[in-house]
1. Could you tell me whether any residue of region 85-96 is polar (S, T, N, Q) and farther than 20 Å from residue 169 by Cβ?
2. For residues that are surrounded by fewer than 20 Cβ atoms within 10 Å (Cβ to Cβ), away from ligand 2 (no atom under 16 Å from the Cβ) and within 23 Å of the chain's Cα centre (by Cα), tally how many sit in region 11-52.
3. Using the structure shown, decide if residue 155 is at pLDDT 95 or above and more than 27 Å from residue 2 (Cα to Cα).
4. Anything in region 29-58 that is more than 16 Å from ligand 1 (Cβ to nearest atom) and more than 20 Å from residue 202 (Cα to Cα)? List them, or say none.
5. Return a yes/no flag: does region 94-116 have any residue that is modelled with pLDDT of 95 or more and within 15 Å of the chain's Cα centre (by Cα).
6. Looking at region 198-220, which of the residues that are basic (Lys, Arg) and away from ligand 2 (no atom under 16 Å from the Cβ) is nearest to the chain's Cα centre (by Cα)?
7. With respect to the numbered conditions (1) surrounded by 14 or more Cβ atoms within 10 Å (Cβ to Cβ); (2) modelled with pLDDT under 95, which one is the sole condition not fulfilled by residue 198?
8. Among the listed residues 80, 93, 87, identify the single one that is in a helix (DSSP H, G or I) and among the aromatic types (Phe, Trp, Tyr).
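The values are calculated or read from the model by the stated rules, or taken from the named source; none is laboratory data. Here the structure is a predicted model, which is why all the values come from computation and not from measurement. Because the Cβ atoms are built from the backbone with ideal geometry, glycine has one as well, and the counts that use them run over all protein chains shown.
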Amino acid sequence: MIKLINVNKIYGKADSAVHALKDVNLELEEGKFISIVGKSGSGKSTLMNIIGALDSVTSGEIECRGNVLCKMNDVKLANYRNKNIGYIFQSFYLEPTFTVLENVAMPLTIAGVKRSVRELAAMEAISKLGISDKTTKKASELSGGQKQRVSIARAIVHNPDIILADEPTGNLDSQNGSEVIRLLQSICDEGKTVILVTHNIDDAKKTDIMIEIKDGVVANIIHHTEEEKLAAQHASDYDEQGNLKEKNMLDNKDEEATIPTSDVATEGAEL
Ligand SMILES: Nc1ncnc2c1ncn2[C@@H]1O[C@H](COP(=O)(O)OP(=O)(O)OP(=O)(O)O)[C@@H](O)[C@H]1O
Ligand SMILES: [Mg+2]
């Protein structure tokens, strides 16, 4: 369980103070896909950063898996983050001159894991994301959708229990955006807690629990049934005539990459 108890966050002081979170009380069940929605400036990222121990509270408490975050010193907090949390951001934050493998392995490099072990773990995460054919490419050579898959692989490489994604689809087209949401759901299906900040209500409808923030206050908590989630998924996968909108890129990714051009030509000729 992740618990927020009377959490307040105030940025700045005196006249310039911004009360970004106001007496927030929340209990988040683990293993769920949770979305946080609300207008720009409502406090979504602040809430996310506080849950992810990237920022501290002004008052109140956060308990996460039995750890009281406010009581930890910086070293303990860094250990806590490295062990428990994976982060995904709108702007990816990849190291452009590093390869996909090096980027994905980064959390393990920081944790001091030896090269052979971290490369194996990174290759496994890369394969899960269907981008094995990009392993040795530099991050700067990838498309936005590919970059976000790399950043998702990096977020899961150290096997954290909580994945935080702050507008991960914000820089992607709708096809890649849908794919990222589907990937986050599959990570959740493996028993992880996934917390998604999004402006896209259609995506939020695909999550188990939708939390709406208004002006730093939790205004609404909506639980979705499996049927509602499936209906939301269906609505984004199919058009009004019932035709599949987009080819599922991920399912075909590695397969496509391994088919030599000549085979493709032969298949085409036979058809
Ligand atoms: N580091 C900071 N210093 C001062 N004020 C801040 C800081 N970070 C956020 N704020 C303020 O806190 C409020 C909440 O910001 P936050 O970034 O959490 O909003 P958000 O809901 O994520 O918005 P967006 O959808 O635009 O990303 C805003 O008024 C913002 O200006
Ligand atoms: Mg934000």
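1. Filtering region 85-96 down to residues polar (S, T, N, Q) leaves 90-91.
This time we only want the ones that are farther than 20 Å from residue 169 by Cβ, so: none.
Looking for residues that are polar (S, T, N, Q) and farther than 20 Å from residue 169 by Cβ, one finds none in region 85-96, hence no.
2. The qualifying residues number 8.
3. No.
4. Scanning region 29-58 gives 29, 30, 31.
5. yes
6. 206
7. Going through the list (1) surrounded by 14 or more Cβ atoms within 10 Å (Cβ to Cβ); (2) modelled with pLDDT under 95, residue 198 breaks only (2).
8. After applying the criteria, what remains is 80.
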